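Some notes on the structure that comes next.
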Amino acid sequence: MASLVVEASIGFLSIAIIDNDKLILEENKQCNNNLSEIILHEIDSSIKKAGLDKNDITEIIVTKGPGSYTAIRIVLAIAKTFSFVLNIPIKVLSTLRLLSAGVDNKDKLTVPLIDARRNHVYGAVYLNDKEILKENYYDLNDILAFLEKYDKEIVFVGVDINKFDYEKFNKEYKLFNQYAYAKNYLLVKKYVEKTDYFNAIPSYLRLTEAERKLLNDKNR
């Protein structure tokens, strides 16, 4: 049973091929504005490097967001195409949950953060794998205020964590700089949701800019 795992929500394309819970191939590539140009080639190349054919893929697992709206749409569109053409299931996973994987979070507050600009973030808080602050779009200060209530070690994780100002935060913390690597699906696979090419939808956690403008126009 070969699983194709794809993540590209935060400017970094990560592909893993997993067979019977064993990682058989991993490819990681920086991508900012060229994802649509490279993703199909990179997926096809990864399948071939693993010694497989597309018909050997029995499921596709992708992150549904949050992150870049465009990247999320591209990845889900490809997942839906694979699902329809190969007649295989799609499974989706939170980008934040995948981002936090690989961090030793036993009795620690694990805080994955994705920059959403203007001191806002997409974030969540996990304690012993349990989501204690629901993933959402937050003012960073609101997350920091939430963390102040706990007497636990705090680990911020993500590729954007060095952008943020923690100067007024009165707790000790660690920064764990990492991408949401596709291979780490194995560490959080119990959190995936099974869907299909019709029902797979993105988790933006915030209206797109066009939707916000339309809403503002209607409220004038």
ask   = Asn87 passes all but one of (1) under 15 Å from the mean Cα position of the chain (by Cα); (2) open to solvent by 10 Å² or more (accessible area, probe 1.4 Å); which number fails?
value = (1)
message = Tally up the residues in region 27-51 that are open to solvent by less than 70 Å² (accessible area, probe 1.4 Å) and farther than 24 Å from Val192 by Cα, please.
response = 5
query = Under the condition of being of a type in the set (Ser, Thr, Tyr) and touching a residue at least 40 places away in the same chain (Cβ under 8 Å), which residue from region 1-45 is farthest from Thr95 (Cα to Cα)?
reply = Ser3
request  = From Lys163, Lys108, Lys171, grab the single residue that is open to solvent by 70 Å² or more (accessible area, probe 1.4 Å) and either aromatic (Phe, Trp, Tyr) or free of Cβ contacts under 8 Å to residues at least 60 places away in the same chain (or both).
outcome  = Lys163
message = With the structure loaded, tell me whether Ile132 is open to solvent by less than 60 Å² (accessible area, probe 1.4 Å) and touching a residue at least 24 places away in the same chain (Cβ under 8 Å) or whether it fails that test.
response = no
ask   = What do you reckon, is Asp142 surrounded by fewer than 18 Cβ atoms within 10 Å (Cβ to Cβ), modelled with pLDDT of 95 or more and farther than 28 Å from Val5 by Cβ?
value = yes
inquiry  = Tell me the residue from Ala8, Ala2 that is at pLDDT 95 or above, buried (at least 17 other Cβ atoms within 10 Å of the Cβ), within 18 Å of Leu86 (Cα to Cα) and not β-branched (Val, Ile, Thr), please.
reply    = Ala2
query = Just one of Leu133, Leu127, Leu140 is farther than 25 Å from Ser14 by Cα, in contact with a Leu (Cβ under 6 Å, 6 or more places away or on another chain) and of a type outside the set (Asp, Glu); which is it?
reply = Leu127
remark   = Of the residues in region 12-26, those that are farther than 18 Å from Asp160 by Cα and open to solvent by less than 50 Å² (accessible area, probe 1.4 Å) number 5
query = Does Ser45 satisfy the criteria of being small (Gly, Ala, Ser), under 20 Å from the mean Cα position of the chain (by Cα) and not in a loop (DSSP other than H, G, I, E, B)?
reply = no
remark   = Note on region 111-129: residues over 14 Å from Arg206 (Cα atoms), touching a strand residue (DSSP E or B) at 6+ places or on another chain (Cβ under 7 Å) and open to solvent by 10 Å² or more (accessible area, probe 1.4 Å) are Asn119, Leu127
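The values are calculated or read from the model by the stated rules, or taken from the named source; none is laboratory data. Since the structure is predicted, the reported quantities are computational estimates derived from the model, not experimental observations. Ideal geometry is used to build each Cβ from the backbone, glycine not excepted, and the neighbour counts take in all protein chains shown. Note: areas computed on protein heavy atoms with side chains; ligands, DNA, RNA excluded. Shrake-Rupley method; radii C 1.70, N 1.55, O 1.52, S 1.80 Å.
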